[in-house]
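In what follows, a structure is listed as structure tokens, so that the remarks can point back to it.
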Amino acid sequence: MKINLISGICISLLMLSCKQEAPLNYQVIPTPQSVAYKTGHLELPSEVKIAFPESVKKEVDVLQEILSSDFNCRTILDPQNTLADIQLELNTGKTEKEKNGYSIDVSSKGIKITSGTSTGIFYGIQTLRQIIRANEGKLTVQKGTISDYPAFEWRAFMLDEGRHFKGKEVVKQLLDEMARLKMNVFHWHLTEDQGWRIEIKKYPMLTEVGSYRDSTEINHFGSNEYDGKPHQGFYTQDDIKEIVTYAADRHIMVVPEIEMPGHASAAIAAYPWLGTTGKKIKVPCKFGVQYDIYNVADPKVVNFLTDVIDEVITLFPSPVFHIGGDEVRYDQWNESPMVQSYMKKNDLATPAELQVYFTNTVSNILASKNKRMMGWNEITGAKLHEYQSEKDTKEGNEKLAAGTIVHFWKGDSSLIVSTLKKGYEVVNSFHEYTYLDYDYKSIPMEKAYNFNPIPAGLPTELQSKVLGTGCQMWGEFIPTTESMNYKVYPRIAAYAEVGWTEAGNKDYQKFKLALASFLTRWSSMGIKYGPTE
Ligand code: ACM
């Protein structure tokens, strides 16, 4: 009896000590690919020493800034100190897929972040930021190791400022959040029917006329109700440079999107000779797919586009250039004698073929400037819309140029498979899962989270040709930053994990736990986020 009592107490004490020893699980978004916990935690001193190779000095600046702003922690740079509290180390030997991966080891000796690249070191720092805990004036980190790498190389957030201009401060905040979430492509949709938002010095009317509209359709597509207020805004080339640098400091590439041959009304309003009818138009206030499109049969128009490309590429170091290419109504091309005779001369049977022919011309222009073209999946010539007839989209001889990146957003997933089989690489932004303008009924958090950019049943040998995914904040009905934030947050966190974490390592419940600290922080920043369920 006595023995039983003592052993019972011992077991309870043991259980208690086991309970205390249980690791404080890391709560990180996106979830790292693998984690192994060790017993106990590391306590950081009041002054943290950081060792690092000179080549990651920029990342060290980021780390210092984070430790100071998030944790009020003082740091000392001690580059060679092998006993420093935080050691950043560049190593080699990672596979291509893991090249921007990193590992973190937290032990009684300190914290070591290793990667083959400065980008990987930056990602390690973003993870560290999420696993440091502040408790009663102490900074602690659970001991353990993290081994992590991105599942996909393309993890994009797209902002449409053509419909509603937001401005630099809004963009910078989005870039800050992307960086925390290890998203690496800011896809900047800068030209639209309803607004041209980038200064082009050779064609000043693009912004003088094209960045302004008298009024804006409100509530929903086709409402025919307008707010009656002018809307306006554009980025100067200096603004663009500032944003591109800001993004690069956060290991984010900015990919400009300059729409052609459709979504061109604002440009045509500025220079009517760009349009297929040649008629003067106003920058539309109404949303939805417009009829005015570039006259691609006119060499002057192709010269104009080349000039625009020439200025745009001086501003964006990105190797990829997005030309839009979506939602082209062919009515004006069908009705234009000039376009019809151009099609005959070039043996183009359908307007879809003309679109592919034009797209290939642009692709060659871009290739001659060392840029790779990307466009929405209409550029393949497929029929995607009810306003396009079978006749107009019938497949002809014209083939999309090799090397083009096809941005899938609409149609059956068999189109992804056929595009991949033809040898093109694809970014999967299927609208039913990744469109941030859709409400939370259509795309609740869990649906966003469960998106897999690899379509079910895709043969293994084609899977690496799916470069990744993007989430798209289309701008028609987000007139204010507040209305935009409500749609972006918290779903952006789910999309970050879709892009980063291998499907087999995703866990929605774990994600939700880690989301809590993001929600708290967003609230403290005044971001009113949408439903979390
Ligand atoms: C698109 O949503 N029009 C690409």
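Taking every alpha carbon pair in region 121-169, what does the distance histogram look like in 10 angstrom bins from 0, in percent?
Calculated P(r), rounded to whole percents: 17, 30, 23, 22, 7.
Lys/Arg Cβ at +1, Asp/Glu Cβ at -1, dipole of the chain taken about the Cα centre: which of His322, Ser46, Tyr435 is farthest positive-ward?
Of the candidates, Ser46 comes out farthest on the positive side.
So, in Å, what gap is there between the alpha-carbon centers of region 144-206 and region 44-59?
30
For region 63-140, how big is Rg over Rh, using alpha carbon atoms and the Kirkwood form of Rh?
Details: Rg = 13.1 Å, Rh = 13.3 Å.
The Rg/Rh ratio comes out at 0.98.
Could you sort the peptides 125-134, 412-421 by per-residue average Cβ neighbour count (10 Å cutoff), highest mean leading?
On the way: 125-134: 18.9, 412-421: 16.2.
My ranking of the peptides, most packed first, is 125-134, 412-421.
Projecting each Cα onto the charge dipole of the chain (Lys/Arg +1, Asp/Glu -1 at the beta carbon, about the Cα centre), which of Thr520, Gly278, Met343 comes out farthest on the positive side?
Going by the charge dipole, the pick is Thr520.
Can you work out the Karplus-derived ³J(HN,Hα) for every residue in region 74-85? Use 6.51 cos²θ - 1.76 cosθ + 1.60 with θ = phi - 60°, whole Hz, and x for glycine or proline.
For region 74-85, the Karplus-derived couplings read 7, 10, 10, 7, 9, x, 8, 6, 6, 10, 4, 5 Hz, x marking Gly and Pro.
If you roll a 1.4 Å probe over the chain with all protein chains in place, what percent of the accessible area is carbon or sulfur? Write out the running numbers ahead of the final one.
Numbers: 12020 of 22860 Å².
Exposed carbon and sulfur together represent 53 percent of the surface.
Counting other C-beta atoms within 10 Å, and keeping those with at most 15, which DSSP coil trypsin sites (Lys or Arg not before Pro) do you find in region 230-324? Present the calculation step by step, with values, prior to reporting the outcome.
Working: sites: Lys241, Arg250, Lys279, Lys280, Lys282, Lys286, Lys300; in loops: Arg250, Lys279, Lys280, Lys282, Lys286.
The qualifying sites are Lys279, Lys280, Lys282.
Which ³J(HN,Hα) values, rounded to whole Hz and listed in residue order, are derived for region 264-279 from phi using the Karplus coefficients 6.51, -1.76 and 1.60 in 6.51 cos²θ - 1.76 cosθ + 1.60 with θ = phi - 60°, glycine and proline given as x?
Couplings: 10, 4, 5, 5, 5, 4, 6, 9, x, 5, 6, x, 6, 8, x, 7 Hz.
Using only the alpha carbons, work out the radius of gyration and Dmax of region 18-111 in angstrom.
Both quantities, over Cα of region 18-111: 14.8, 43 Å.
Can you run the Rg to Rh ratio on region 217-343? Use alpha carbon positions and the Kirkwood inverse-distance Rh. Could you put the intermediate results ahead of the total?
Details: Rg = 16.9 Å, Rh = 16.6 Å.
My calculation of the ratio gives 1.01.
Over the chain, what relative contact order in percent results from Cα pairs under 8 Å that are six or more residues apart?
Numbers: 1069 pairs, mean separation 72.7, N = 533.
The normalised contact order for the chain reaches 14 percent.
Near the amide H of Gln290, under 5 Å away, which other amide H atoms are found, from residues 5 or more places off or on another chain, if H is placed in the peptide plane?
Excluding prolines and chain starts, which carry no amide H, the hits are His263.
Take each of the peptides 199-205, 163-169, 484-490, average the number of other beta-carbon atoms within 10 Å over its residues, and list them starting from the highest. Mind showing how you got there, number by number?
On the way: 199-205: 15.6, 163-169: 17.3, 484-490: 21.0.
Per-residue Cβ counts within 10 Å, averaged per peptide and sorted highest first, yield 484-490, 163-169, 199-205.
Quick check: the distance between the Cα centres of region 221-291 and region 389-408, to the nearest angstrom?
If you average the Cα positions of each part, the centres end up 25 Å apart.
Name the lysines eligible as straight-distance cross-link partners of Lys280: C-alpha to C-alpha under 20 Å, and not fewer than 8 places from it in the same chain.
Lys300
Can you give the relative contact order of region 164-279 as a percent, counting alpha carbon pairs under 8 Å and 6+ residues apart? Show your work: numbers first, answer last.
Numbers: 174 pairs, mean separation 41.5, N = 116.
Computed over region 164-279, the figure is 36 percent.
Taking the Cα centre of the chain as origin, work out the dipole magnitude from +1 charges on Lys and Arg Cβ and -1 charges on Asp and Glu Cβ, in debye rounded to 20.
On the way: 58 positive and 66 negative charges, 234 e Å.
That gives a dipole near 1120 debye.
About its Cα centre, how strong a charge dipole does region 163-287 have in debye, to the nearest 20, once Lys and Arg get +1 and Asp and Glu get -1 at the Cβ?
On the way: 17 positive and 17 negative charges, 38 e Å.
Its charge dipole is roughly 180 debye.
Before I look further, what does the chain give for accessible area per residue, probe 1.4 Å, in whole square angstrom? All intermediate terms of the calculation are to be shown ahead of the outcome.
On the way: 22860 Å² over 533 residues.
Per-residue value: 43 Å².
Sum -39500 (n - 2.57) across every DSSP H segment of at least 4 residues in the chain, then divide by the residue count to get the 222 nm mean residue ellipticity, nearest 500.
On the way: 19 runs with 195 residues, N = 533.
When only DSSP H runs of four or more count, the value is -11000 deg cm²/dmol.
How big is the charge dipole of region 296-368 about its Cα centre, in debye rounded to the nearest 20, if each Lys and Arg gets +1 on its Cβ and each Asp and Glu gets -1 on its Cβ?
On the way: 4 positive and 10 negative charges, 40 e Å.
So the magnitude is around 200 debye.
Could you tell me which residue out of Tyr102, Gly167, Ala179 lies farthest along the dipole of region 85-225 toward its positive end? Charges go on the beta carbon: Lys and Arg +1, Asp and Glu -1, centred on the Cα centre.
Final value for the positive-end residue is Tyr102.
Express in whole angstrom the spacing between the alpha-carbon centres of region 96-112 and region 495-528.
The two parts, judged by their Cα centres, are 21 Å apart.
Determine by what factor the alpha-carbon radius of gyration of the chain differs from 2.2 N^0.38 Å, reporting the quotient. Intermediate values should be presented prior to the final figure.
On the way: Rg = 26.1 Å, N = 533, 2.2 N^0.38 = 23.9 Å.
Working it through for the chain, the quotient is 1.09.
Could you give the nm distance between label points at Lys399 and Asp214, where each point is 7 Å from its Cα heading toward the beta carbon?
Each label point lies 7 Å from its Cα, and together they span 5.0 nm.
Between helix 57-71 and the chain, what is the angle of the helix's C-alpha long axis to the longest principal axis, kept within 0 to 90° and rounded to the nearest 10?
For 57-71 against the chain, the angle is about 70 degrees.
Report the convex hull volume per residue for region 309-413, counting only C-alpha atoms, in Å³. Please report the intermediate quantities before stating the final value.
Numbers: hull volume 12.1 nm³, N = 105.
Hull volume over Cα atoms, normalised by residue count, gives 115 Å³.
What figure, in Å² to the nearest 10, do you get for the accessible area of Arg372 with a 1.4 Å probe and non-protein molecules left out?
80
Out of the DSSP beta bridges found with both residues in the chain, what percent are antiparallel (nearest 5)?
Close to 40 percent.
From Cα coordinates alone, what are the radius of gyration and Dmax values for region 328-373 in angstrom?
12.2, 36
Not counting ligands, DNA or RNA, and with a 1.4 Å probe, what is Asp238's accessible surface area in Å² rounded to the nearest 10?
Spelled out: Asp238, probe radius 1.4 Å, area about 110 Å².
Under a no-solvent Debye model with one identical scatterer per Cα of region 18-177, what's log10 I(q)/I(0) at q = 0.13, 0.16 Å⁻¹?
-0.66, -0.95
Here are some pairs, Lys201/Lys286; Lys97/Lys143; Lys345/Lys399; Lys58/Lys506; Lys279/Lys399; which of them have Cα atoms lying more than 21 Å apart in this structure?
Lys201/Lys286; Lys97/Lys143; Lys58/Lys506; Lys279/Lys399
The values are calculated or read from the model by the stated rules, or taken from the named source; none is laboratory data. Bear in mind the structure is a predicted one, so any value in this text is a computation, not a measurement. Quick reminder, even Gly has a Cβ in these numbers, built from the backbone with ideal geometry, and neighbours come from all protein chains shown. Quick note on the areas: whole protein, heavy atoms, side chains included, nothing else; ligands and nucleic acids left out. Shrake-Rupley method; radii C 1.70, N 1.55, O 1.52, S 1.80 Å.
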